[in-house]
Amino acid sequence: MTKRSPPETAFLEDDNKDDDTSDFEETYDPAAEDDPSAVRRPITTRIIKTMHMEFNSFNQKRCETMEQVLFAHQKGKRIFWEAYSGSAYLSAVMEPQGWEVANFDYNSGWDFDIAQHRREFLELQDKTCPDFIWYSPKCTEWSPL
């Protein structure tokens with residue numbers, strides 16, 4: 001389906017069996033022990049079922065997010081976020097215009113260098129579904145901070 005080329009040495013046909021059988025065995029590659037991304041076991045029906053469950057749960061989360069977006073717009077609530085905002089001048093301008101604003105930077109306790117903060121931010125983004133997010137680049141190159 002993806003039109004990718006198949007792996008070159010993932011499986012080999014067993015020479016001891018008839019040519020019309022479809023049984024394959026995993027090849028052993030001593031160099032693969034050093035490679036953590038190497039395939040070490042065949043794909044089983046359990047793995048396929050797990051993948052289907054993940055796809056279904058992702059689809060369900062996507063549908064819930066779309067419903068939240070529709071409900072938020074039906075309420076007329078407009079949400080504006082500013083990431084790496086510093087002094088948050090843009091939020092100060094948007095708030096009197098009727099936007100619900102939030103700032104995400106060092107001053108508000110968010111450090112995006114920490115993986116947990118990035119995960120929490122993305123989860124909050126999926127849950128809240130803001131109308132507009134202003135992402136500013138991290139200013140370490142030109143800032144005295």
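The values are calculated or read from the model by the stated rules, or taken from the named source; none is laboratory data. What you see is a predicted model, and the numbers here were worked out from it, not measured in a lab. Neighbour counts run over all protein chains shown; Cβ positions are idealised from the backbone, glycine included.
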Point to revise | Enumeration of residues in region 96-137 that are more than 18 Å from Phe80 (Cβ to Cβ) and in contact with a Ser or Thr (Cβ under 9 Å, 6 or more places away or on another chain) | key: none
Check your understanding: Say we look at region 71-88 and pick out the residues that are surrounded by 10 or more Cβ atoms within 10 Å (Cβ to Cβ) and assigned to a helix (DSSP H, G or I); which of these is modelled with the lowest pLDDT?
Key -> His73
Practice item. Scan region 102-133 for residues that are in a strand (DSSP E or B) and more than 20 Å from Thr65 (Cα to Cα) and report the count. Key: 2
Check your understanding: Being of a type in the set (Gly, Ala, Ser) and at pLDDT 80 or above, is that true of even one residue in region 52-69?
Key -> yes
